[in-house]
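A short reminder: the numbers here are calculations on the coordinates, not readings from a lab. Everything quoted here is computed from the prediction, not taken from an experiment. Quick reminder, even Gly has a Cβ in these numbers, built from the backbone with ideal geometry, and neighbours come from all protein chains shown.
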Amino acid sequence: MTRLNWTLLVLVALLAALAWWLGPGVTPEDRRRLFPIDREGVRRLVVENAEGRFVFARADEDADWAIVEPERYPASLAVAMMVAALESVVSDRPLLAGSPDAAALARAGLDVGAARFEIDGRRGRIGAPPAIGSRTPVVADDRSAVCSVASFAARLFHRPLAGYRASTAVVFDPSEWAAVRFEWAGHAIELRNPTGNRWRLVDPSGALVDPGAAFVRRFTDGLPRLEVVAWLDDEAIPERAFAQPERIIVSWGADEPWQVDTLEIGAPRDEATRYARRREGPVFAVRAADVAAFFPRSPADAVAR
């Protein structure tokens, strides 16, 4: 056998050994991950920090993340970013090699002040990010090694509840809306878009008429951008803040009965903002000028001229 053949034989044997060690479908990158997860397959994340314990979940990889404890509310992009950050932690560049003891964890800032997390059954903790610095320690509960994650990502694990809520008042894509109903000052109008390509206004007799193009643009463009100016968890809400609310009821889905979400606009909070909430959820503030455009002076103003 020639030297070339021997070389090829040894190479094939090495590749076979590597494939056996990795296992089917496993890459060297997977072996180096501190948390061998697939971000698309993650369904549940629990974060416990100085502000509280928060549970996030989603039904499948196409679903949006939601807060499920201590309240039920759509989640911000912070949740997906935390999952991606944990997936990216690799164990071949540890801050502390070996299995660190309690003293080593304390020196690394992984005792008091650290946030704990659980992602698809795998547990760990992440330190509080420094005021200056690009990396923050992170460790799995098996203490195999102390690794690190970018500090900007670590800060996501130390947020209060409000920091995990979606920052827009309406979180659904207008292309998925089947109907929108506006209720205000004794008036109500409903628009339907069951085919996904043409909005029609339901008149008092139940017939479908063409709405004004400007009115349609106001709510299809403006509602998805309606911003939460401030979360009011720590503010005393007046007892009658929602005594006579204006309502925007968004329905979506392929078939009736549709899924429904209700946005309530309450009384003025100050000269510039109004109280608002979704489905009797947490109260927040929106700009009064932003919501005024959604409620015409009368239903007739929403009809095409």
query = Which whole-Hz couplings ³J(HN,Hα) result when phi for each residue of segment 199-213 is put into the Karplus expression 6.51 cos²θ - 1.76 cosθ + 1.60, θ = phi - 60°, listed in order with x for Gly and Pro?
reply = 7, 10, 8, 7, 7, x, 7, x, 6, 9, 10, 7, x, x, 4
query = Say each of ALA300 and ASP64 gets a label point 7 Å from the Cα, pointing the same way as Cα to Cβ; how far apart are those two points in nm?
reply = 3.7
ask   = Amide H of VAL146: which non-local residues (sequence gap of 5 or more, or other chain) have their own amide H closer than 5 Å, using H built in the peptide plane?
value = LEU95, LEU96
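Within a 10 angstrom radius of the beta carbon, how do LEU201, LEU86 rank from fewest other beta carbons to most?
LEU201, LEU86
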inquiry  = Are there any trypsin sites (Lys or Arg not before Pro) in segment 37-68 that are in a DSSP loop and have at most 16 other Cβ atoms within 10 Å? List them by number.
reply    = ARG39, ARG43
message = Using the basic label-point model (7 angstrom from Cα toward the beta carbon), what is the ARG240 to ASN197 distance in nanometres?
response = 5.0
query = Where Lys and Arg each count +1 and Asp and Glu each count -1, what net charge lies around ALA188 among other residues with Cβ under 15 Å from its Cβ?
reply = -2
inquiry  = From the phi angles alone, apply the Karplus equation (6.51, -1.76, 1.60; θ = phi - 60°) to segment 115-121 and give each ³J(HN,Hα) in whole Hz, x where the residue is Gly or Pro.
reply    = 8, 9, 8, 9, 10, 6, x
key: Calculated from backbone phi, Karplus (6.51, -1.76, 1.60) coupling profile of segment 266-279 in Hz, x at Gly/Pro   = x, 5, x, 8, 7, 5, 10, 10, 10, 6, 8, 7, 10, 6
